[in-house]
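Quick notes on the structure that follows.
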Amino acid sequence: MKYYSLNHNAPNVSFQEAVINGLAPDRGLYFPENIAPLPETFFENIETLSNEAIAFEAIKQFVGDEIPEKELKQIISETLCFDFPAVKVEEDLYSLELFHGPTMAFKDVGARFMARCLAYFNRNNPDLHNTVLVATSGDTGGAVASGFLGVKGVDVVILYPSGKVSDVQERQLTTLGQNITALEVDGVFDDCQDMVKRAFLDEDLKSQNLTSANSINIARWLPQMFYIFFAYKQLKRENKPLIISCPSGNFGNICAGIMAKRLGLPIARFVASTNANDTVPRFLENGAYDPKPSKATISNAMDVGNPSNFIRIQELYHNDLTEFEKDFSSYAFTDDETKAAMKRIYQNSKYVAEPHGAVGYLGLKKEMKLNPGSVGVFLETAHPIKFPETVEPLLGITLEIPAQIKSVLGKEKKSIQINSYDELKDFLNH
Ligand SMILES: *Cc1c(COP(=O)(O)O)cnc(C)c1O
């Protein structure tokens with residue numbers, strides 16, 4: 001499979017090159033040249049297949065012959081080492097729980113898959129050594145740290161704003177050791193992000209083979225298709241049109257869902273549910289893409305004013321509003337609406353949704369009203385324990401601490417303080 005840059009000013013590249021480059025040299029996102037639908041028999045029998053077998057069929061054309069079948073199957077089986085249950089919340093309405101992985105956020109799947117692809121490429125090329133550099137406001141860093149832990153030939157450097165991430169999140173970043181280093185930045189998330197962006201463009205750091213690990217990287221983005229296949233596998237028996245609502249920030253997850261449909265998966269409609277960062281809902285109203293600075297909300301992993309993956313979605317719909325309308329909607333919700341939804345879900349169903357999932361629920365309810373007779377799924381993208389400061393007082397409950405979280409709470413934090421870009425550079429070139 002070849003990938004082209006959505007800025008159309010860079011050479012087409014292989015899967016391997018796209019994974020290693022992250023972004024194309026013209027700063028465009030990579031996009032696959034072809035998307036070939038899977039055979040109908042695959043969907044007829046999907047409920048008899050294992051998650052691993054489904055994932056292999058879904059991803060194999062995008063990897064091509066660059067990773068042999070046996071190795072790719074091994075990568076998938078290590079990536080999908082946990083469950084993705086569709087839990088019934090109301091009549092015809094389900095929560096697809098994507099948070100049963102090691103860091104309890106859905107980003108675990110993409111991070112684990114990308115880490116293992118890079119490890120495979122480095123194994124066949126002992127001269128290759130990569131440094132994955134990421135800035136995090138919380139969830140991404142933990143998933144990347146855990147996903148890349150112990151992976152040969154790859155060092156991971158994570159920048160996070162000192163005092164601005166939760167205790168659990170900080171420990172997930174700072175307690176692993178081995179090939180993972182956490183740099184604690186005296187500043188806010190945007191300062192971390194600016195330093196990372198600068199480092200990628202810095203000629204003095206060329207020898208470090210810096211790689212990004214956010215959802216612009218195809219190896220982190222594409223495996224997110226799997227979730228929608230797993231939702232369909234579990235709900236096919238309902239025999240009703242299926243609506244998927246995805247709480248969206250950078251729009252990587254929902255874009256992967258749309259890719260799954262292009263592979264032939266029978267999904268009736270997608271809903272991109274957002275918080276007050278409503279750039280995409282506004283785009284669908286008037287066709288003008290007008291990004292705004294991000295606003296802080298209680299669903300903070302979605303506080304994105306200019307979603308980096310939306311350009312891929314525009315490519316899929318040929319940037320044509322009438323094409324969008326056929327199966328794509330997007331709605332924005334306030335924090336007050338989100339809190340009210342969390343309360344209602346808990347009171348009516350005894351189900352604990354965290355703020356991101358609750359935004360997904362709200363978008364789903366709205367779309368299901370417009371499409372009676374359908375069955376709906378919202379993606380629950382994190383475990384409530386990642387947001388106890390919102391969930392516990394609002395619902396009047398104390399959450400039990402899951403084993404994955406307990407295991408990091410007792411560990412000792414190790415980080416290196418940095419105050420400037422020059423200190424980052426010194427660290428990387430040491
Ligand atoms: C990253 C994240 C999202 C948003 O996913 P995108 O692919 O960026 O749209 C939603 N919920 C949680 C908990 C996240 O960590």
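Read-outs throughout are calculated quantities, based only on the coordinates presented, and are distinct from any laboratory measurement. Keep in mind the model is a prediction, meaning the values are calculated, not measured. No Cβ is skipped: glycine too gets one built from the backbone with ideal geometry, and neighbour counts run over all protein chains shown.
For the charge dipole of the range 249-374, defined by +1 on Lys and Arg C-beta atoms and -1 on Asp and Glu C-beta atoms about the Cα centroid, which residue among Y351, N253, M302 has the Cα displaced farthest towards the positive pole? It is Y351. Computed over the range 1-100, the P(r) curve from all C-alpha pair distances, binned at 10 Å from the origin, holds 13, 31, 33, 19, 4 percent per bin.
Charge dipole of the range 62-115 (Cα centre as origin; +1 on each Lys and Arg Cβ, -1 on each Asp and Glu Cβ, all else neutral): 200 debye, rounded to the nearest 20. Karplus-derived 3J(HN,Hα) values for the range 39-46, using 6.51 cos²θ - 1.76 cosθ + 1.60 with θ = phi - 60°, are x, 4, 4, 4, 6, 5, 10, 4 Hz; glycine and proline are entered as x. Within the shell of other residues whose beta carbon sits under 12 angstrom from the beta carbon of N275, the net charge comes to -3, with Lys and Arg scored +1 and Asp and Glu -1.
Ranking of S212, S349, S330 by neighbouring Cβ atoms within 10 Å, starting from the fewest: S349, S212, S330. A simple count of charges around Q178, restricted to other residues whose Cβ falls under 14 Å of its Cβ and scoring Lys, Arg +1 and Asp, Glu -1, yields +2.
Label-to-label distance for E389 and Q61 is 4.5 nm, based on points extended 7 Å past Cα in the beta-carbon direction. When the pairs K70/K152; K350/K386; K88/K406; K107/K206; K164/K197; K107/K369 are compared against a 22 Å limit on Cα-Cα distance, K88/K406; K107/K206; K107/K369 fall above it.
With N denoting the number of residues in the chain, provide Rg(C-alpha) divided by 2.2 N^0.38 Å, to two decimal places. Working it through for the chain, the quotient is 0.93. Helical content alone sets the calculated 222 nm signal of the chain at -12500 deg cm²/dmol, taking -39,500 (n - 2.57) per DSSP H segment of four or more residues and averaging over every residue. Of the peptides 146-156, 93-103, the ranking by mean beta-carbon count within 10 Å, highest at the top, reads 93-103, 146-156. Among residues other than G163 with Cβ under 13 Å from its Cβ, the summed charge is -3 (Lys and Arg +1, Asp and Glu -1). Once the C-beta distance of S407 and E17 is scaled by a Förster radius of 35 Å, the resulting FRET efficiency is 0.40 to the nearest 0.05. For the range 284-366, would you read off the P(r) tail past 19 Å as a percentage of all alpha carbon pairs? Result: 49 percent of Cα pairs exceed 19 Å.
The gain in end-to-end length when the V188 to E423 segment is fully stretched comes to 83.0 nm, 0.36 nm per residue minus the alpha carbon separation. Per-residue 3J(HN,Hα) values for the range 202-216, derived from phi via the Karplus relation 6.51 cos²θ - 1.76 cosθ + 1.60 with θ = phi - 60°, read 8, 4, 5, 10, 3, 5, 7, 6, 6, 10, 8, 9, 9, 6, 5 Hz in sequence order (x marks Gly and Pro). For the peptides 122-129, 332-339, residues were scored by their other Cβ atoms within 10 Å and the scores averaged per peptide; the highest-first order is 332-339, 122-129. Comparing R116, R282, R269 in a Gaussian network model of the chain, where Cα atoms under 10 Å apart are tied by springs, the biggest mean-square fluctuation is seen for R282.
Of all beta bridges that DSSP places with both ends in the chain, some 20 percent have antiparallel geometry. Among rounded, prolate and oblate, which fits the range 348-387 when a ≥ b ≥ c are the square roots of the eigenvalues of its C-alpha gyration tensor, a/c under 1.5 means rounded, and a/b larger than b/c means prolate? Cα axes put the range 348-387 in the prolate bin.
Using θ = phi - 60° in the Karplus curve 6.51 cos²θ - 1.76 cosθ + 1.60, the 3J(HN,Hα) couplings for the range 357-368 round to x, 5, 5, x, 4, 4, x, 5, 4, 5, 6, 5 Hz; x is entered for Gly and Pro. Put simply, the amide H of L210, placed in the peptide plane, has neighbours under 5 Å in T131, leaving out anything fewer than 5 places away on its chain.
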